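K.L.:
Mind looking over this structure? Questions follow.
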Amino acid sequence: MKAENYIGLIVLGQIYGVNARDVGTWLKNLSLRHPDGRPTRDAVQQGLVQERSLEYGGCFWHWHEQKTCAILDGMGYKRASQQAGEQHDGFVLYRGS
């Protein structure tokens, strides 16, 4: 069994081939983040997010990789590895979504 892994929005964005802001918007649209970026109570109760304190005050949140990706996958968001074009002899074929 794979160990639990908590990651930031930048890494989540890399998994899906988008920037951190896009992933943050997706999580807001799924009611897992508040408009100000804080995770919702639902996200905390589901074990999707873990708060990390900064050395000089403040905090940031890391998201449970497997659980969060399962939700995003279930909503139809494509991972970067699924978006790659198909390689053929001398050309790349990109299929519409």
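The values are calculated or read from the model by the stated rules, or taken from the named source; none is laboratory data. This structure is a prediction, so every number in the text was calculated from the model and none was measured. Virtual Cβ from ideal backbone geometry, glycine too; neighbours counted across all protein chains shown. Remember, those area values only see protein heavy atoms, side chains included, never the ligands or the DNA or RNA. Shrake-Rupley method; radii C 1.70, N 1.55, O 1.52, S 1.80 Å.
K.L.:
Round to the nearest 0.05 the FRET efficiency obtained for Asn29 and Glu4 when R0 = 30 Å and r is the Cβ-Cβ distance.
P.N.:
Calculated value: 0.75.
K.L.:
Here is a further query. Only sites in a loop by DSSP and with at most 16 other Cβ atoms within 10 Å count here; which GluC sites (Glu not before Pro) in the stretch 7-88 make the cut?
P.N.:
Hits after loop and neighbour filter: Glu55.
K.L.:
Within the stretch 6-29, find all residues whose amide N lies under 14 Å from a label point positioned 7 Å from the Cα of Arg79 along Cα-to-beta-carbon.
P.N.:
It comes to 12-18, nothing else.
K.L.:
Continuing with the same structure: Using 0.36 nm per residue, how much length does the chain from Cys59 to Arg21 gain when fully extended, once their Cα-Cα distance is taken away?
P.N.:
11.9 nm
K.L.:
Further, regarding this structure: At a probe radius of 1.4 Å, what is the per-residue accessible area of Asp36, in Å² to the nearest 10?
P.N.:
Rounded to the nearest 10, that gives 100 Å².
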